[in-house]
Structures are given as structure tokens and as C-alpha cells.
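First the structure, in the form of C-alpha cells, and then the observations on it.
The values are calculated or read from the model by the stated rules, or taken from the named source; none is laboratory data. No experiment lies behind these values; they were computed from the predicted model shown. Heads up, the Cβs are rebuilt from the backbone with ideal geometry, glycines too, and the neighbour counts pull from every protein chain shown.
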Amino acid sequence: MADGSRPESGAGEAEAPKIKAEDNPWYLLATLYGSGQQEKNRIAWNRYFAARLDPQLKADLIANGRYEEEELTPFLPEQLAEIKRAFAEQSAASISNLPCPKHDWSIHFKNVRFDGRANFEGFIFPDCSFEGAIFDSGGPPVRFTNAVFCKYTSFEEAVFHRQANFNGARFCDTTSDKGQTYFSGAKFFYEAYFDNAAFAGMVYFNKTMFSNEALFRAATFYRADFTDATFLGKTYFNGATFHCVEFLGRAKFEKDVSFDDVTFKGEANFTNAIFAGQSTFVNAKMKYDTLFKVKDFKTTPPLFFGTELHEGTVWPGREAWPLPKGKDEAGDFVRAYERLKLEMDRLKKHEDELDFFALELQSRRVLLGRWSWGLPVWLYGLFSDYGRSYGRPLIALFYLALIGTLFFLPSDALTPSQSLGLSVANTLSVFGFRKDFFYPHIIEGLAAPMKIFSALQTILGAILLFLFGLGIRNKFRMK
């Protein structure tokens, strides 16, 4: 990809065979004292790799109370020998002659199949790959809660057939902006929890599929790419912070998604995203350009109550915005578009303000009835595109004068030229043409229906001229 992500691995190749977790040396090291000894296993693992930790990161983790200093102290030689003996016992119970991984090796769980416990809560990974790993159904939730991933991390094409919990995890050493994390093409078939997770480097969720709820509440992103990600369940980014350019283009949110209280400090790109359910950005803060050129808001307009939008916000075309199908939902549509109209007025984005005003009026027409209050709104849209067009009323004025001419022609009191003149004068009566070009006795000689039509033509002409002036004013932003 042009944005710096890795090329897709394994494209066109046969799927690599999966390895049982018990046959992976790193899993044996992670469960050194048995799967039921979580704390003892975690401390042994973290001390085993402590020598590889950046001193600043180590100090930060201790200062924040995440770990005791002892847990991040490397093993002494005699303690390390004990770890190797414990590993040899584990290895003998699974397959023979499996060497103990060295602490400076890259950590590989690639293509490993976890059919039992996968509890890495609080583990520290200097670097690691779970690429192509499968977490089978039937076991307890997959836990990476409060884990620390220091540099390169990959969960590409990993498959989670059970709940995955990454709450509080730190990715790519949050003391720097280096490192990359990949969840590209991963599949989460149950809930995926990333609440309070921190992604300090670039994280890729492109082409990732979330079949159930996805929760990123209060998460922190330095740079994130959710291009082509699919969210089939409800999605929550409440309180998250995005620090740099965020790619959410072509993301598909099939159910409700919440960006409430989110802060975008860099550009947010939603180009061609699809919002099939309710999307909310209540009290969100957009500090930089936001590209909302989404493909579709399928069912309801987004909610931006209390949101601070940036003047660089770009909206999609009119076809992307839905209208209510009935009175039950029309009130919510009115409030949503009214809020966007007011925000565009604050930002002096006049054209966008007119667009949202039009959507608000169309929604009100559904709310208040199509014939009582709705008919004038429909006529307003028909003859002026809700104040956005000066061409429509101008064309309507032409046809009004033409129809009047045809109506007056049969009269014996008027010649053809007088019929045209009277019709034009009625249509443009606000300019005083009628009294300048016609004598009162000619008007008085008209039949009663023609007098009534003249009055009606005068009223319609005045309305259309007003709409023409309004369109000119709005077109050229005149006050």
C-alpha cells in the first residue's frame, strides 16, 4: 500500500499448516508452570525478556504502577538455569528435544492453533507474531489484557473463534512513535475488546472483520488504518483519542457505531465508508480536516449534538443522506439535521448550511403531514430547491407569463400584443409595469374570470420573484 503498510503476505499461496500450541516452544515458555499458574507464568516470562526492554519504557511501566520493579528485573544466571530446567520438563511432556527459545529471539506464534487456554494477561512482548494463529471455539476468552507489545506486532489473518480481550494493552512502546501493529485481515467472531488500549505506532485494522461487538472505548491511537474493515455488530469508540491521520475509508458499519466524546487531533478520513445503522459523534472534537465523503448513511443521519466540527469538514453528496419513512422517526431526523445546520452556520459554511436546511425541511414535511404543512414545503422545494436555485423560479416566471398570455388571447378586449403585455405586467407587477402600460378602462373591460386570474398571476409572480432573489442571494452569499 502507498501509505506504508506491508504488502499482503501469503497471497496466492496454500495455507500453512497449523501447529498445536503445545508443540510451540514459545507457548511452553508462556505456560512454564502449567496453565493454572497465570501470575507465576507471567512473572517468569517478563523477567526472561526484561533484558531486552528499553530502559525508559521499563521506568515508565514501573512508575505507572503497571509492574513491580522485581518483575522487570532480568534473571540471574542461576535463576535462568532453573527456567531452562523447567522448560525441559515442559518440553518432555509434549515433544522431545524442543530447544528453549533464547531471550533475544523474535517471538513466533505464527500459524499456532490454540484449542485451550490462551491467557497472556500482563505479558510483555519485545516483538511477536501471531500471524495466521487460530483461537478455536470452546475455550475461555483469549486474554491479552494489559499486555505490552514493545515494537513489531502482527496478528495478521489471525482468527478468534471466542471472545478476545485486549483491554488496557499497549502497542509499540507508548514512549515513542516507532513500530507497527498489524491486525490486517484478522477475523473476530465474538466480542473484541480494546478498551483503554494504547497504539503508539501505526496500527493496521485494514480488511479486519468484527462479527460481533467491537469496543475501543477510551483507546488511544497515534495513527490507525481501518480501511475496508467490516463491523457486523455494534461498535464503540467512545472517549477514544486519535492523534494523527486516521484512515476509515470504505469501512462498513453494519450496525450502530458510536464516536461519542472522541477527539480527532489529526485528519479523519471516512471516504466511501458505509453507515448502515445509527452513527453518533455526540460531544466529539474534530481538531482538523474531516472527510465525511461517505458512501451512504443508509437508515438515519449521524448525530453531532455538542460536536466541535472543523471548518475543513467535507460532506458527501445529497444522495448519501436519508429521509424519514414515517412520523415515528421524523422527529429524530429533524433534530439531527437542525444541529448540523446550526454548526455549519457557526463555521460560515453557507452551502452546507443550505443543504442541511433542505434536509431538515424535508424531514419536517414527513413529521407534520404531507398536506397540511408539508404541501408548502414541497412547493418550496419544487420551485426553488429550498432556496438554493435561482434558475427554477426564473423558468417558472417564464411559464407563468406564457400561460397568462394564452389565457388572455381569447378576450375581445385585448389584442395579442396586449395579452402578452398584460401577462408580463401581472407577472412582474412588483416593478409597477401594469399601471405604466395599461389604462384602467382596459382592465375594467376584462371578464371576471380574467380579473381573478390577473390577481392570482400577480400573487404568484411576486412569490416567484422573491424566490428568484433568494436564490441569487444564497448563490452569491449575499446578506
Condition met for Tyr399 (aromatic (Phe, Trp, Tyr), surrounded by 17 or more Cβ atoms within 10 Å (Cβ to Cβ) and assigned to a helix (DSSP H, G or I)):
no
Could you check Phe130 against (1) in contact with a Ser or Thr (Cβ under 7 Å, 6 or more places away or on another chain); (2) at pLDDT 95 or above; (3) under 19 Å from Ala44 (Cβ atoms) and say which number it fails?
(3)
For residues that are modelled with pLDDT under 85 and closer than 19 Å to Ile395 by Cβ, scanning just the stretch 445-471, find the one that is surrounded by the fewest Cβ atoms within 10 Å (Cβ to Cβ).
Leu470
Does Ser363 qualify as being closer than 26 Å to Glu254 by Cα, at pLDDT below 95 and in a helix (DSSP H, G or I)?
yes
Specify the residue that is surrounded by the fewest Cβ atoms within 10 Å (Cβ to Cβ); the eligible residues are those in the stretch 254-275 that are at pLDDT 95 or above and not in a strand (DSSP E or B).
Lys255
Which residues, taken from the stretch 312-322, are part of a helix (DSSP H, G or I) and surrounded by 11 or more Cβ atoms within 10 Å (Cβ to Cβ)?
Ala320
Matching residues in the stretch 338-394 - criterion: being of a type in the set (Val, Ile, Thr) and over 28 Å from the mean Cα position of the chain (by Cα)
Val377
Out of curiosity, is Lys325 part of a loop (DSSP other than H, G, I, E, B), of a type in the set (Lys, Arg), under 16 Å from the mean Cα position of the chain (by Cα) and outside the structural domain of Leu464 (by TED's automatic domain parsing)?
no
Restricting the stretch 239-253 to residues that are in a strand (DSSP E or B) and under 13 Å from Thr220 (Cβ atoms), which is modelled with the lowest pLDDT?
Glu246
Residues located in the stretch 31-54, provided they are over 41 Å from the mean Cα position of the chain (by Cα), surrounded by 16 or more Cβ atoms within 10 Å (Cβ to Cβ) and not in a helix (DSSP H, G or I)
Leu32
Any chance the stretch 119-132 includes a residue that's surrounded by fewer than 17 Cβ atoms within 10 Å (Cβ to Cβ) and more than 24 Å from Gly168 (Cβ to Cβ)?
no
Exactly one of Leu28, Leu57 is assigned to a helix (DSSP H, G or I), among the aliphatic types (A, V, I, L, M), modelled with pLDDT of 85 or more and touching a Cys at 6+ places or on another chain (Cβ under 8 Å), and that one is Leu57
Quick test of your reading of the structure: Trp378 fulfils all but one of (1) within 25 Å of Asp328 (Cβ to Cβ); (2) of a type in the set (Phe, Trp, Tyr); (3) buried (at least 19 other Cβ atoms within 10 Å of the Cβ). Name the failing condition by number.
(3)
So which pairs qualify, if the first residue must be in the stretch 458-477 and under 17 Å from Tyr386 (Cβ atoms), the second must be hydroxyl-bearing (Ser, Thr, Tyr) and in a helix (DSSP H, G or I), the Cβ gap must be under 9 Å, and the two must be at least 6 apart or on different chains?
Leu464/Ser384; Leu464/Thr427; Leu467/Tyr380; Leu467/Ser384; Phe468/Ser384; Leu470/Ser384; Gly471/Ser384
